[in-house]
Structures are given as C-alpha cells and as structure tokens.
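Asker: Dropping the structure in here first, questions after.
Any read-out appearing in this document is the output of simple, stated calculations on the displayed coordinates, not a laboratory observation. Predicted model only: the values in this text are computed from it and were never measured. Glycine also receives a Cβ, built like all others from the backbone with ideal geometry; neighbour counts cover every protein chain displayed.
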Amino acid sequence: MKILVVDDEQDVQVLFQQRFRKEIKSGEMQFDFAFSGEDAIKYLNEHEQEAVLILSDINMPGMSGLELLGHIKQKYLKPPPIVMMITAYGDAENYNMAKQLGADDFLTKPVDFNLLKEKLKPISQ
C-alpha cells in the first residue's frame with residue numbers, strides 16, 4: 001500500500017520511517033512525502049492512482065490541508081484515495097470542516113502510531 005504523507009514539518013519523514021520500519025522493509029507499506037499542499041498536488045498529478053491513502057496535516061503555509069482535501073475529493077475520483085487529516089488542534093471547527101469536505105478519518109498530533117497502525121490494518125489487507 002502506498003501512502004502519501006503531507007506535512008510542512010520535514011521531520012515527520014524520519015518519524016514515519018522509524019515507526020513503520022517493519023512494514024516498509026516487508027514491502028507491506030511504501031511512504032512518499034510532500035512538504036506542502038502544492039507539492040502534494042504535483043505528486044498526485046505525476047502519480048495519479050498510486051497513493052491509496054493520504055495523511056495530511058491541516059495547518060500548513062500556503063495551501064492548507066483542508067484546501068488540499070477539497071481538491072483531492074473533487075479531482076481524484078477513480079478510485080478515490082482515503083484521506084486522513086492530522087492536526088495539532090483537535091477543535092470541532094477543523095473536525096467538522098474536514099468531515100464536510102470528505103475526510104475519511106481524523107487524527108491529532110502527536111500522532112498515536114499504534115492507533116494509526118490499527119486504522120491502517122483493514123485498508124492494507
């Protein structure tokens with residue numbers, strides 16, 4: 001399963017690679033990273049149907065994760081990628097807006113990687 005992680009904090013790449021070392025080594029999961037909403041759009045245009053799951057931060061400079069979510073849900077329909085939003089703010093406004101735009105799930109920072117792995121199990125099988 002290919003997963004695109006979108007976050008303006010570049011240290012998330014090392015964090016995900018450490019936390020999913022076993023899954024990456026076995027080939028069960030492959031991670032690609034974009035460090036802005038604009039980079040994510042560029043990636044999706046070049047690799048349109050590769051990412052099965054997109055994990056996106058909400059608060060990023062430039063294009064926000066919510067803007068990215070709206071773009072993804074409008075443009076990438078066959079098959080639509082699963083989009084999980086990640087934010088440091090677990091407030092109802094962001095949650096409601098993400099759900100309204102079509103987010104499939106919602107996680108708060110710091111990411112609970114055990115919970116994330118549980119959520120990914122049914123998707124990866």
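Asker: Which one of 55, 68, 17 is farthest out on the positive end of the charge dipole of segment 12-98, using unit charges on Cβ (Lys, Arg +1; Asp, Glu -1) and the Cα centre as origin?
Answerer: Going by the Cα projections, it comes out as 17.
Asker: Scan segment 26-125 for chymotrypsin sites (Phe, Trp or Tyr not before Pro) in coil per DSSP, keeping those whose Cβ has at most 13 other Cβ atoms within 10 Å, and list them by number. Spell out each step's value before the answer.
Answerer: Values: sites: 31, 33, 35, 43, 76, 89, 95, 106, 113; in loops: 35, 76, 89.
Hits after loop and neighbour filter: 89.
Asker: Full-extension gain between residue 67 and residue 19, please, as 0.36 nm times their residue separation minus the C-alpha to C-alpha distance. Walk me through the numbers on the way to the answer.
Answerer: Working: separation 48, 0.36 × 48 = 17.28 nm, distance 2.77 nm.
Full extension from residue 67 to residue 19 adds 14.5 nm.
Asker: With a 10 Å cut-off between alpha carbons and a GNM built on the chain, which of 53, 66, 115 moves the most?
Answerer: 115
Asker: Given the options 86, 72, 24, which has the most mean-square fluctuation in a GNM of the chain, springs set between C-alpha atoms less than 10 angstrom apart?
Answerer: Judging by the Gaussian network model, the answer is 24.
Asker: What do you get for GluC sites (Glu not before Pro) in segment 29-76 restricted to DSSP loop and a cutoff of at most 16 other Cβ within 10 Å of the site's Cβ? Don't jump to the answer; show the numbers that get you there.
Answerer: Values: sites: 38, 46, 48, 50, 67; in loops: 48, 50.
Taking segment 29-76 and a limit of 16 other Cβ atoms within 10 Å, the loop GluC sites (Glu not before Pro) found are 48, 50.
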